[in-house]
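Below is one structure, written out as structure tokens; the observations come after it.
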Amino acid sequence: MKVGIVMGSASDREVMILAKEELEKFSVEVDMKVYSAHRTPRQAVQWVEDCEKNGVQVIIAAAGLAAHLAGVVAAHTRMPVLGVPMPGGVMGGLDALLSTVQMPRGTPVATFAVGKAGAINAALFAVRILSVSNPQLRNKLEQYQLEMEAEIVAANI
């Protein structure tokens with residue numbers, strides 16, 4: 001099981017490392033790269049095309065501002081693409097959210113919250129996708145959810 005994580009800028013690494021760490025909790029291998037849809041488009045597309053050959057099954061794409069990276073990735077693969085808008089810029093991440101979520105018909109990108117929560121949820125969604133065909137991973141996911149439930153219940157004592 002392998003998930004690709006691509007981000008548009010090295011400054012996104014601080015947020016996206018949370019997705020990597022979440023995936024590693026489930027023993028999911030991660031290929032993490034920095035490629036920009038605008039500054040390194042050829043390299044970004046080449047990486048996407050190589051992902052399937054390299055065993056990647058789901059791609060998480062994170063970008064801020066105009067945030068076209070997830071759409072570019074989705075245009076070049078049939079794998080599930082999970083978009084994580086990055087905070088910052090003039091609109092605090094709203095511009096990135098709108099750029100990621102407003103994809104044209106035929107080029108789907110599942111879009112998550114802006115920033116850290118989005119990075120973690122994208123990782124967990126990738127685990128859910130992978131768990132469809134992996135009972136062992138599904139069991140780990142169920143255990144994770146039971147632990148989360150126990151933490152909340154314990155907070156009420």
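Scanning the range 73-92 for residues that are modelled with pLDDT of 95 or more, surrounded by fewer than 23 Cβ atoms within 10 Å (Cβ to Cβ) and not charged (D, E, K, R) gives 75, 76, 77, 79, 80, 87.
In summary, residue 14 fulfils each of the numbered conditions (1) surrounded by fewer than 20 Cβ atoms within 10 Å (Cβ to Cβ); (2) closer than 18 Å to residue 85 by Cβ; (3) touching a residue at least 24 places away in the same chain (Cβ under 8 Å) with the single exception of condition (3). Out of 126, 74, 70, 122, one residue alone is more than 21 Å from residue 17 (Cβ to Cβ), of a type outside the set (Lys, Arg), assigned to a helix (DSSP H, G or I) and in contact with a strand residue (DSSP E or B) (Cβ under 7 Å, 6 or more places away or on another chain). It is 74. Put simply, of 90, 56 the only residue that is assigned to a loop (DSSP other than H, G, I, E, B), free of Cβ contacts under 8 Å to residues at least 24 places away in the same chain and of a type outside the set (Phe, Trp, Tyr) is 90. Within the range 96-121, residues that are buried (at least 21 other Cβ atoms within 10 Å of the Cβ) sit with their Cβ atoms under 6 Å from residues that are part of a helix (DSSP H, G or I) and not aliphatic (A, V, I, L, M), at 6+ positions apart or across chains, in these pairs: 111/100; 112/118; 112/121. Checking each residue in the range 129-157 for being assigned to a helix (DSSP H, G or I) and in contact (Cβ under 8 Å) with a residue 40 or more places away in the chain picks out 129, 130, 137, 140, 141, 144. Scanning the range 11-27 for residues that are more than 18 Å from residue 73 (Cβ to Cβ) and part of a helix (DSSP H, G or I) yields 11, 14, 17, 18, 21, 22, 24, 25. If you go through the range 90-116 and keep only what is within 19 Å of residue 6 (Cβ to Cβ) and of a type in the set (Gly, Ala, Ser), you end up with 93, 96, 99, 110, 113, 115.
The values are calculated or read from the model by the stated rules, or taken from the named source; none is laboratory data. Quick caveat: nothing in here was measured; it's all calculated off a predicted structure. Cβ atoms come from the backbone with ideal geometry, glycine included; neighbour counts cover every protein chain shown.
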